[in-house]
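**Student:** Starting off with a structure, shown below.
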Amino acid sequence: MTLGNKVKKRHEELGISQSKLAEMTKISQPGISRLENGRYTPSSPLVVVLAKALKISTDELLGMDERRAS
């Protein structure tokens, strides 16, 4: 699963809109949309901000936990 797919899935699970996630992370709403569609890759500091906003670890957000399991 891509980073964008994970972000979309998680914010939907939490009932957070793209706009609210954008507000929480200081990433523009179009930036969140581009991230979800694979047209934007956030910097490492932004990955940390996204993980905190989505209430998951950076490892989980980046799929590191999936790699360890396989």
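The values are calculated or read from the model by the stated rules, or taken from the named source; none is laboratory data. What you are looking at is a predicted structure, and each value in this text was computed from that prediction instead of being measured. A quick note on method: Cβ atoms are made from the backbone with ideal geometry, for glycine too, and the neighbour counts reach across all protein chains shown. Protein only, heavy atoms only, side chains kept; ligands, DNA and RNA dropped before computing areas. Shrake-Rupley method; radii C 1.70, N 1.55, O 1.52, S 1.80 Å.
**Student:** Taking the alpha-carbon set of the chain, what are its Rg and Dmax in Å?
**Tutor:** So, for the chain, Rg and Dmax equal 11.2, 35 Å respectively.
**Student:** How high is the relative contact order of the chain, given as a whole-number percent (alpha carbon pairs under 8 Å, six or more residues apart)?
**Tutor:** Contact order relative to length: 34 percent.
**Student:** Are there any trypsin sites (Lys or Arg not before Pro) in the chain that are in a DSSP loop and have at most 14 other Cβ atoms within 10 Å? List them by number.
**Tutor:** Lys26, Arg39, Lys55
**Student:** For helix 44-54, report the angle its Cα long axis makes with the longest principal axis of the Cα atoms of the chain; keep it between 0 and 90° and round to the nearest 10°.
**Tutor:** 80 degrees
**Student:** What is the percent carbon and sulfur in the accessible area of the chain, measuring with a 1.4 Å probe over the protein chains and ignoring ligands?
**Tutor:** Ligands and nucleic acids excluded, carbon and sulfur give 51 percent.
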